[in-house]
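Beneath this line is the structure, given in structure tokens, with notes to follow.
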Amino acid sequence: MSQTATMTGTAPASSKSLEDGPRGERPKPFFTPKKIIIYTTLVFFSLYFLFPLYVMLVTSFKTMPEIRFGNIFALPNQINFDAWHRAWTSACTGLTCNGLSPGFWNSVKITIPSTIVSIFIAAVNGYALVNWRFRGSEIFFSILIFGSFIPYQVMLYPLVMITRELGIFGTLPGIIVIHTIFGMPILTLLFRNYFASLPQELFKAARVDGAGFWRIFFEIMLPMSLPIFVVALILQITGIWNDFLFGVVFAGTQNLPMTVQLNNIVNSAQGTPEYNVNMAATVLTGLVPLIIYFVSGKLFVRGVAAGAVKG
Amino acid sequence: MQHSVSIRDLSLNFGSVKVLEHLNLDIAQGEFIVLLGPSGCGKSTLLNCIAGLLDVSDGQIFISGKNVTWEEPKDRGIGMVFQSYALYPQMSVERNLSFGLRVAGMPKDEINRRVARAAEILQIQPLLNRKPANLSGGQRQRVAIGRALVRDVDVFLFDEPLSNLDAKLRSDLRVEIKRLHQRLKNTMIYVTHDQIEALTLADRIAIMKSGVIQQLADPHTIYNKPVNLYVAGFIGSPSMNFLNGTIDGTTFTADDGTVMPINAYEFSSPVTGSRKAVLGVRPEHILLGEAAQAMPFKTEAEIEIVEPMGSETLAWTKVAGVPVTFRCSSDIPLAAGDKVTVGFDIARGSLFDAQTENRL
Amino acid sequence: MADVATQPGQGAETSTRPGFVQRLFLHNITAKVAALPMIATVLVIFVGCTAWTIYYSFTNSRLLPRNDFVGFDQYVRLFGTNRWNISITNLLMYGSMSLVLTLTLGFLLAVLMDQKIRFESAFRTIMLYPFALSFIVTGLVWQWIMNPTLGLQGTMRNLGWTGFTFDWISNPRMVLFALLIAGLWQGVGFCMVLMLAGLRGVDEEIWKAARVDGIPTWRTYISVVLPMMRGVLVTSVVIIGSGIVRLYDLVVALTNGGPGISSEVPAKYVYDYMFGGGNIGQGLAASTMMLVTVMIIMVPWAYLEFGGKGRR
């Protein structure tokens, strides 16, 4: 206590003032070996990730002679939408030559109802699991989560038989049911975790006020769940749009989704392959998930990471 | 004499936000300094600057006479204890203590000697082979202190080390930190928002607000002679009673007209003329009954609420039209509605300029 | 009747008079009805279908399932089939390389992203976008890039680098690496995002403590942070691993199993035998083997996660 008290910060009590030597910020060189290594590595990997997108796009704008005599990196001589037009309307899938557009509309017809149904059911599941537990509900949930790791191939054949029995094999309702079933584990987990994070007092207060299962769900839980619905929406739209296996097995020849038609166009077409049309078709198929990805940004990250978040 | 830690004209900005401004602080060898303030006042930031975990924008920091402004934390001769303990969860207690020394390439027997000494001082020998997950909060914090101890440094930095503990453990560990300081006689800088910790541990307390040290003094001075309204209101629980009024010579006239003689008050500098002022009286400086009769100002008051605290009783009343709390022995029977005589011990009160809020 | 349902989440033992059966069915009746799709999915699909598949894998089913038991015959035939053995070997080779590389690169990139870099969100966007695409799209793009005459190889040779060889897609010995390049392209960004979330979850005071202790940054990552991320690591292994076992679309689009049968995988074997070969018993036996593979990954994980600590 021999020190004089500094009464305020602004008036130094100590008679000593600043000395020579280091003062203020540490000097930070703009280029350090560490920074150079970091950015070089990141840029290198970015090129690896961007290269296919670039190749896809430039190829789709080229003409076939350009492709045959040019190189894969070169920009097209002129932007040429011919290949895009062909891919959309007249590319051949082995049997028919109607392009990708039927596949696009089939994918839309599959994705929209599947997304809505699967999310609704999963939301109800999550809500029941958090707020209305019943004997065995946790066991069902555990099996559901473990079930999501069972290879689809294991359940494929019996599912074909079941849907055939129900008369929905090879129809739109059939593929919708399949997507609902296989989307259920991850979506239920998502909603269960979200509802569990909401204050339970809210639910209890509604119970005391006499509200029942559905009333609480629709009037209290749903209005509070917009963010998680958006995450689920992103997850389901991209997931269902990108599906191949279920589409090829369950959708039926009339409803083959875009991914299946794309694969048919590229891999089972007769005659000389038209690489520009193939790439245009590929871009077109990737467009919907890509748009969702770029528009949703951080929410997409949340969606894909949702699977990694433990309950 | 050489200061253990000396902070000269320190400023820190995050972009355009000024967190610390031209801050000066000299800390003597072996001194226990507490940085006290509400959250966001810059006390933890200051500690992180001293540790070298944050780059300062301007100014210099000296530790043991050496300019360490640009040094890495490990080269500053400091050890640090964190609020969340920050123990390495996958390592045993022994490895937690020795990890830094091992990385530094210290000889094995020296490491063992230091770990053994730290374990002995903190009495954690039986825990050496456990993982942090298997320790209680108090034990974890001891290990965290031990990790600073083995570094054999001159200066210890504590960043709210007891805030994650429950009340009982907190007071136990508080005593232990004090004991540790008495035994090691290191310089210690301790950040907290808990005024009890500050008052019990510190040789000197630095009360901070918005990046500026408001008052730097020993706990007794801080408590009894707060330098401004902010410090007066921040320290003490329940807090000081404040009455607005005017001083003129030897009287203080409260806003409702009540006149109080202030001859007994010791002004820090002579005050002339009349001016708006605030009178501050701590709850324990308001007396009852016979004791009240001896006070320069006394009045009748009606008790509104009584809060028995066990060893003492807090009572709420109104004096000069303002709510006032006072503290008295729990032996005195008090009930709401009672009329009592209360006396203000003005000599031990504080007067502040209403304009500048500084002590008069 | 629904009045019996009193407190959510509890049996409400004291106030219930009805017997066990009634409690089992009527307690929280609305919730049970609402959860019926889930209960049905679990019982019929995940348990029922799986059991059905295992059961019929021991039969002599060909075009249609038949209740004609042949014991382990299908499995004996399975492991006597060259194509299946190649599929299994491929899966093991591809799987181990893919798992190790995805995790290592994912962690490495996450660490780089964690260095308070500029343009972080741009880098993240670039690394993650392939994950939004279908495996079919991924496979077809890389098929085009690896096209020996017009793709990268042809371009490089035309540019004068005549010795440049990148014919992995048509080279039986290299075709797995072609799959790997495409697979990593799609999956590394996802792994990086998981790892980055794990890194960001580490208490900042741990970093401060390590700095005060004088631990170099790389050493802190290896000795302190990585062990702390056990949860994220295990989850990543499980997700990546179960994805590898399912590997199907990518192979169909990129190589369709070729050249020859050099890039066949079990999932494709199952599909071809079930829906193309008219040999359901083989398909079922192969899919059961896939299930066994997943179990080998899952059971230790489940034990570590849920068994060891007795947490729920």
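Output yes when any residue across the stretch B:30-49 is within 25 Å of B:Leu135 (Cβ to Cβ) and assigned by TED's automatic domain parsing to the domain that holds B:Leu122, and no when none is. Checked against the condition, which is being within 25 Å of B:Leu135 (Cβ to Cβ) and assigned by TED's automatic domain parsing to the domain that holds B:Leu122, the stretch B:30-49 yields at least one hit.
Quick check on this structure: which one of C:Phe69, C:Phe46 is under 24 Å from the mean Cα position of the chain (by Cα) and either buried (at least 22 other Cβ atoms within 10 Å of the Cβ) or more than 8 Å from chain A (Cβ to nearest Cβ) (or both)? The conditions single out C:Phe46.
Is the stretch A:267-285 home to any residue that is among the charged types (D, E, K, R), under 12 Å from the mean Cα position of the chain (by Cα) and either in a loop (DSSP other than H, G, I, E, B) or facing chain C (nearest Cβ under 10 Å) (or both)? For the stretch A:267-285, residues among the charged types (D, E, K, R), under 12 Å from the mean Cα position of the chain (by Cα) and either in a loop (DSSP other than H, G, I, E, B) or facing chain C (nearest Cβ under 10 Å) (or both): absent. Against the condition crowded, with 20+ Cβ neighbours inside 10 Å and within 15 Å of A:Leu235 (Cβ to Cβ), how does A:Ile121 come out, does it pass? For A:Ile121, the condition - crowded, with 20+ Cβ neighbours inside 10 Å and within 15 Å of A:Leu235 (Cβ to Cβ) - is met.
Taking the stated definitions as given, is B:Ala104 at positive phi and within 10 Å of chain C (Cβ to nearest Cβ)? No, not satisfied.
Answer yes or no: is there a residue in the stretch B:89-109 that is in contact with a strand residue (DSSP E or B) (Cβ under 7 Å, 6 or more places away or on another chain) and either surrounded by 18 or more Cβ atoms within 10 Å (Cβ to Cβ) or closer than 19 Å to B:Met188 by Cα (or both). For the stretch B:89-109, residues in contact with a strand residue (DSSP E or B) (Cβ under 7 Å, 6 or more places away or on another chain) and either surrounded by 18 or more Cβ atoms within 10 Å (Cβ to Cβ) or closer than 19 Å to B:Met188 by Cα (or both): absent.
Can you tell me which of C:Ala122, C:Ala132 is under 17 Å from the mean Cα position of the chain (by Cα), more than 15 Å from C:Ile240 (Cβ to Cβ) and not charged (D, E, K, R)? Criteria check complete, one pass: C:Ala132.
Residues in the stretch C:136-149 that are in a helix (DSSP H, G or I) and more than 7 Å from chain A (Cβ to nearest Cβ): C:Thr138, C:Gly139, C:Gln143. Does C:Pro259 count as outside any loop (DSSP other than H, G, I, E, B), surrounded by fewer than 19 Cβ atoms within 10 Å (Cβ to Cβ) and not assigned by TED's automatic domain parsing to the domain that holds C:Trp52? When the stated conditions are applied, C:Pro259 does not pass them. Of the residues making up the stretch A:241-263, those that are in a helix (DSSP H, G or I), more than 10 Å from every other protein chain (Cβ to nearest Cβ) and surrounded by fewer than 24 Cβ atoms within 10 Å (Cβ to Cβ) are A:Phe246, A:Thr253, A:Gln254, A:Asn255. Annotation: B:Val271 fulfils all but one of (1) among the hydrophobic types (A, V, I, L, M, F, W, C); (2) at pLDDT below 90; (3) outside any loop (DSSP other than H, G, I, E, B); the unmet one is (3). For the stretch B:47-66, taking the residues that are away from chain C (no Cβ under 14 Å) and out of contact with any strand residue (DSSP E or B) (no Cβ under 6 Å at 6 or more places or on another chain), the one that is surrounded by the most Cβ atoms within 10 Å (Cβ to Cβ) is identified as B:Ser64. The residues of the stretch C:178-194 that are more than 12 Å from C:Gly106 (Cα to Cα) and without any contact (Cβ under 8 Å) to a residue 60 or more places away in the chain amount to a single one, C:Ile181.
Taking the stretch B:1-50 as the region of interest, the strands (runs of 3 or more DSSP E) fully inside it that hold 1 or more residues being over 18 Å from the mean Cα position of the chain (by Cα) are B:5-14, B:17-27. Step by step: first the residues of the stretch A:201-214, then only those that are part of a helix (DSSP H, G or I) and within 13 Å of A:Ala128 (Cα to Cα), then the one that is nearest to the other protein chains (Cβ to nearest Cβ). Which residue is that? Among residues in the stretch A:201-214 that are part of a helix (DSSP H, G or I) and within 13 Å of A:Ala128 (Cα to Cα), the one nearest to the other protein chains (Cβ to nearest Cβ) is A:Phe213. Cβ separations smaller than 7 Å between residues 6+ apart or across chains give the following pairs from the stretch C:215-230 residues that are on the phi < 0 side of the Ramachandran plot and at the interface with chain B (Cβ under 7 Å from one of its Cβ atoms) to residues that are of a type outside the set (Val, Ile, Thr) and surrounded by fewer than 20 Cβ atoms within 10 Å (Cβ to Cβ): C:Pro227/B:Gln90; C:Met228/B:Pro89; C:Met228/B:Gln90.
The condition (being surrounded by fewer than 20 Cβ atoms within 10 Å (Cβ to Cβ), at negative phi, in a helix (DSSP H, G or I) and touching a residue at least 12 places away in the same chain (Cβ under 8 Å)) is satisfied by just one residue among C:Ala210, C:Ala197: C:Ala197. Number of residues in the stretch B:67-84 that are within 8 Å of chain C (Cβ to nearest Cβ) and either within 26 Å of the chain's Cα centre (by Cα) or over 30 Å from B:Asp9 (Cβ atoms) (or both): the value is 7.
The values are calculated or read from the model by the stated rules, or taken from the named source; none is laboratory data. Because the structure is predicted, anything quoted here is derived from the model rather than measured. As a convention, Cβ positions derive from the backbone with ideal geometry for all residues, glycine included, and neighbour counts pool all protein chains shown.
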